[in-house]
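The values are calculated or read from the model by the stated rules, or taken from the named source; none is laboratory data. None of the values given here were measured: they were computed from a predicted structure. Cβ atoms come from the backbone with ideal geometry, glycine included; neighbour counts cover every protein chain shown. In case anyone asks, the SASA skips ligands and DNA or RNA and just uses the protein heavy atoms, side chains included. Shrake-Rupley method; radii C 1.70, N 1.55, O 1.52, S 1.80 Å.
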Amino acid sequence: MRMLAAPVKGDPAVTSGESGAVGMGVISAIMTDDAYSGLREQLDLGCDSKVLLFSTEGDTDPVRYRKVVWDGAYATE
């Protein structure tokens, strides 16, 4: 959700709830975690790949969305 809300320069921001953002989380894990290097190679994904994701959920729970995106709830570091 945070990556979609604050994308890299040039990409549009997307407001997405948890289930809508799961695709971005999966792609992020595949691209950054060495445990998935084999899958990354099988899918032929690289830094120049383009991936289309669908998010069918907005911030259906605005309070939780704010806690996650603004307040850093569930941070991994």
Checked the stretch 13-56 for anything under 19 Å from V68 (Cβ atoms) and in a loop (DSSP other than H, G, I, E, B); matches are A13, V14, T15, S16, G17, L53, S55, T56
Within the stretch 29-38, residues being in contact with a helix residue (DSSP H, G or I) (Cβ under 6 Å, 6 or more places away or on another chain) and open to solvent by 70 Å² or more (accessible area, probe 1.4 Å) number 1
Residue that is nearest to the chain's Cα centre (by Cα) [pool: residues in the stretch 40-60 that are at pLDDT 90 or above and surrounded by 13 or more Cβ atoms within 10 Å (Cβ to Cβ)]:
L53
Inspect the stretch 16-28 for any residue being modelled with pLDDT under 95, among the aliphatic types (A, V, I, L, M), open to solvent by less than 80 Å² (accessible area, probe 1.4 Å) and touching a Pro at 6+ places or on another chain (Cβ under 7 Å) and give the result as yes or no.
no
Which ones in the stretch 61-77 are open to solvent by 60 Å² or more (accessible area, probe 1.4 Å), outside any loop (DSSP other than H, G, I, E, B) and hydrophobic (A, V, I, L, M, F, W, C)?
V63
